[in-house]
Amino acid sequence: MSTPAPELSIIVASYNTVDFLRPCLSSVQQATPGMQCETIVVDNNSNDGSVAMVEECFPWVRVLRNQANEGFSKANNRALQEARGEAVLLLNPDTLLPLGTLQRLLRVLRETPQVGVLGCRIVRPDGSLDEACKRSFPTPLSALSRFLALDRIFPRSRRFGAYRRTYEDPCGSYEVESIVGAFMLVRRSALECTGGLDEDYFMYGEDIDWCWRLRQHGFVIWYIGDVSVVHHKGASTSTEPQRMNWHFHRSMFLFHRKHLVNRYPFFVNWLVYLGITASYALRSLRVALRPPRRARPLPAGSVA
C-alpha cells in the first residue's frame, strides 16, 4: 500500500552554500512542527562539503546529487519530478523560514483554488525589502524606468514603479503578476499544467517565465505581505559575478524573445536588445573594477 502524499514538498537547490544551507534547513525543521512534509535538497556538484553536512546533520532530508552545476531550473525540475506533496515550495538555500509562515500560506492556498502560486514578503537580513518579491512583468517602459532610476525618484507612480510595484504596501495582500523564485509556493494542479521551470534559463528569469505561463493557464499569482522570509540573496552567485551577470542579462533577452517580441514593432524590440546589451556592458565594467566579495552566512536565529 502506498503512503499518502505529504502536505508539502520543500525543494532547495544548492551550489556551494554550505554555510547558508545549514541554518536554512534548521529553520525548515523549526517551521514545520506537526506538518506532513518532505524536504529535498538538489546539490549542483558542490565542492564545499554541502552534501556531507546535510547527510550528517539533517538525515531526514533527501539529497539528489547532480554531476555538474546544471543551474536553477534543471536542479529544481529534477526534484519537482520526484516531489509528492500536494503543494511544492521552491526555497533558496540562503533563506530562513519563521514559524507560522508555511501554515499561513498553505491555508490561503487551500481556501483560494484559483491561486496557483503564492509568495510572501521577502526581507534582507537588515530588514529592508527585497523588492523582487512582488513584480509585474517587464516592459520596455518599466525597464527604462529602472535603468534611469525613475522608480526611485517617483516610487508612488504606477507608470514608473510598475515593475517592482513600488506604489503598493509591502505588508498588504493582493494579486501580482510575478513573485521571486527564492520562495514560491506552488499548487500541485498548477505544476501539472505547466510542467515546471523552463530549462532554457540557467539562472534568473525562470521565475517570471513560470508565472507568465501559469497566468496563461488561468491561475492567479498572489502575494501575502503579512508574513515574511529572510533572504540573504546571492549566496550561490557571489563568487562568480561576471558569469552571473551574463546569465542575468541573457535571461532578460530570453524572456523578451519568448513572450514579448510579438507585442512590439521591430524598432522597439531592437531598442530593448540594445538596452540589455548596454546594461550588461555597464555592469560588467562595474564588476571588473570592484574587488570580489563573499556574502556572510546568516545566523540561525535571524528571522524577521
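The values are calculated or read from the model by the stated rules, or taken from the named source; none is laboratory data. Keep in mind it's a predicted model, so treat the numbers as computed, not measured. Neighbour counts run over all protein chains shown; Cβ positions are idealised from the backbone, glycine included.
Quick notes
- Entry remark, segment 11-27: residues being in contact with a helix residue (DSSP H, G or I) (Cβ under 9 Å, 6 or more places away or on another chain), farther than 22 Å from TYR204 by Cβ and not basic (Lys, Arg) number 3 in total.
- Among (1) closer than 29 Å to GLY100 by Cβ; (2) without any contact (Cβ under 8 Å) to a residue 60 or more places away in the chain - the single one ASN66 does not satisfy: (1)
- Figure legend. Inter-residue proximity from segment 9-25: first residues without any contact (Cβ under 8 Å) to a residue 60 or more places away in the chain and under 18 Å from PRO125 (Cβ atoms), second residues surrounded by fewer than 24 Cβ atoms within 10 Å (Cβ to Cβ) and among the aromatic types (Phe, Trp, Tyr), beta-carbon distance below 8 Å, spacing 6+ or different chains. Indicated pairs: LEU25/PHE58.
Here's the yes/no breakdown for (1) within 22 Å of GLN216 (Cα to Cα); (2) among the hydrophobic types (A, V, I, L, M, F, W, C):
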residue: ARG121; (1), (2): no, no
residue: CYS133; (1), (2): yes, yes
residue: SER142; (1), (2): yes, no
residue: TYR163; (1), (2): yes, no
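- Residues considered: ARG158, ARG152, ARG165, ARG187. Of these, the only one that is over 22 Å from ARG110 (Cα atoms) and buried (at least 18 other Cβ atoms within 10 Å of the Cβ) is ARG165.
- Within segment 81-105, if we keep just the residues that are part of a loop (DSSP other than H, G, I, E, B) and not hydrophobic (A, V, I, L, M, F, W, C), the residue that is farthest from GLU7 (Cα to Cα) turns out to be ASP94.
- Meets criteria (surrounded by 15 or more Cβ atoms within 10 Å (Cβ to Cβ) and at pLDDT below 95) for PRO93: no
- Condition check for ARG78: surrounded by 14 or more Cβ atoms within 10 Å (Cβ to Cβ), modelled with pLDDT of 95 or more, on the phi < 0 side of the Ramachandran plot and in a helix (DSSP H, G or I): yes
- Leading residue by the ranking (nearest to HIS256 (Cα to Cα)) among those in segment 137-168 that are in a helix (DSSP H, G or I) and of a type in the set (S, T, N, Q): SER142
- Every pair of residues 6+ apart whose Cβ atoms lie under 6 Å, when the first sits in segment 276-287 and is within 19 Å of PHE255 (Cα to Cα) while the second is assigned to a helix (DSSP H, G or I) and not charged (D, E, K, R): ILE276/HIS249; ILE276/MET252; ILE276/PHE253; TYR280/HIS249
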